[in-house]
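Readers should treat all values here as calculations from the given coordinates under stated rules, not as data from a laboratory. Everything numeric here is computed off the predicted structure, so don't read it as measured data. Note that we place each Cβ from the backbone using ideal geometry, even for glycine, and neighbour counts take in every protein chain shown.
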Amino acid sequence: MINKTILVGRLVKDAELRYTSTGVAVANFRMAVNRPFSNNNGEKEADYINCITWRKQAENLSQFTQKGDMIGIDGRIQTRSYDNNDKQRIFVTEVVADSVQFLQTKGNKNGQTQTQNSSAPQQSPPSQMEPMDDFGVDDLPF
């Protein structure tokens, strides 16, 4: 059976980092993912998807991203349930992100993207990407 999810979207708010009783980092976050079509009024709509990631990726997500940043995740859909304080059964569906890629910061308005593998050692992301050389159509090898 296959349970594979790939999403690209923007963080709705900063990731919420916490630690389990055994010291394992876990971050909950919500992504806004645009739908590929417009509604009857011609407006784009988005789905707001609850996600979770663990360990170093959780710490990196919390440290290097903020509300509005574009990220890409690769993971799986997970369902779980629990009883709340009123003894009601609550069901939760979320995406467990096995891989998180930092794609673009909210303030990056010139279209360049910043990428950083969240499993890489912690370091500050580059403040500005190096500009690419200007290439013309005649410079393409095909």
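Side notes on the structure shown:
- Panel order for 100, 95, by other beta carbons found within 10 Å of each beta carbon, from fewest to most: 95, 100.
- Sparsely packed loop sites in the stretch 1-81 (the GluC sites (Glu not before Pro) outside DSSP H, G, I, E and B with at most 13 other Cβ atoms within 10 Å) comprise 43.
- In order along the stretch 4-20, phi translates into HN-Hα couplings of 10, 10, 10, 10, 10, x, 10, 5, 6, 8, 4, 5, 9, 8, 8, 10, 6 Hz, rounded to whole numbers, per the Karplus curve 6.51 cos²θ - 1.76 cosθ + 1.60 with θ = phi - 60° and x for Gly and Pro.
- For the stretch 5-119, averaging the sequence separation of C-alpha pairs within contact (under 8 Å, six or more residues apart) and dividing by the residue count gives a relative contact order of 26 percent.
- Mean sequence separation of contacting Cα pairs (under 8 Å, at least six apart), scaled by the length of the stretch 1-44, corresponds to a relative contact order of 34 percent.
- Close Lys-Lys pairs in the stretch 5-119, where close means Cα under 29 Å and separation is 8 or more or interchain: 13
- Hz values of 3J(HN,Hα) by residue in the stretch 51-60 - Karplus curve (6.51, -1.76, 1.60), Gly and Pro given as x: 9, 8, 9, 10, 6, 4, 4, 5, 5, 5
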